[in-house]
1. Summing Lys, Arg as +1 and Asp, Glu as -1, what charge do residues with Cβ under 9 Å from the Cβ of Val106 carry, Val106 excluded?
2. Quick one: if the Förster radius is 41 Å, what FRET efficiency do Asp127 and Arg94 give, using the C-beta to C-beta distance and rounding to 0.05?
Amino acid sequence: MLRGARPGHTLQPTALVHEAFLKMVHQDQRTWRDRAHFLNVCALAMRQILINYARDRGADKRGGGWKRITLSGFSDEIESLEVDADALHTALERLAQLNQRHYQVVVARFLGGLSVEETAHVLGVTDRTVKRDWRAARVWLALQLKKAN
């Protein structure tokens, strides 16, 4: 996700990983079933950090405005779409309300970088279900993000 960030982006991947580590170390419950589950939890932590970072950078006291990010890991027509980080956050929040499993698949695949098999294992569903949910969620998100643009 950071690969498509604007030039001069001040949050580097190493800093993001460090922030996620600090966030996860201070959790009350640190029982992860396996590697895939751990990576999914990491993805959620990083998503929260990126959203907070984007909000802080866009605060009026820092000049306001919004930043565009380029999506990767989606279909070819969506991949080049530049979107506001807040629009992506809003769309993901709406997706979570509409279909929690689709949201979980997006977090695992897009933000966590998990494979279809790892995502299926973490969510306790079949590979086929993950593929179907991933396809549906990408289309829904593309429509929402195009509206926001």
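Coordinate-derived values only; no laboratory data. Note that the structure is predicted; figures quoted are calculated from it, not measured. Glycine also receives a Cβ, built like all others from the backbone with ideal geometry; neighbour counts cover every protein chain displayed.
1. Result for the neighbourhood of Val106: +1.
2. Step by step, r from the Cβ atoms, then E = 0.95.
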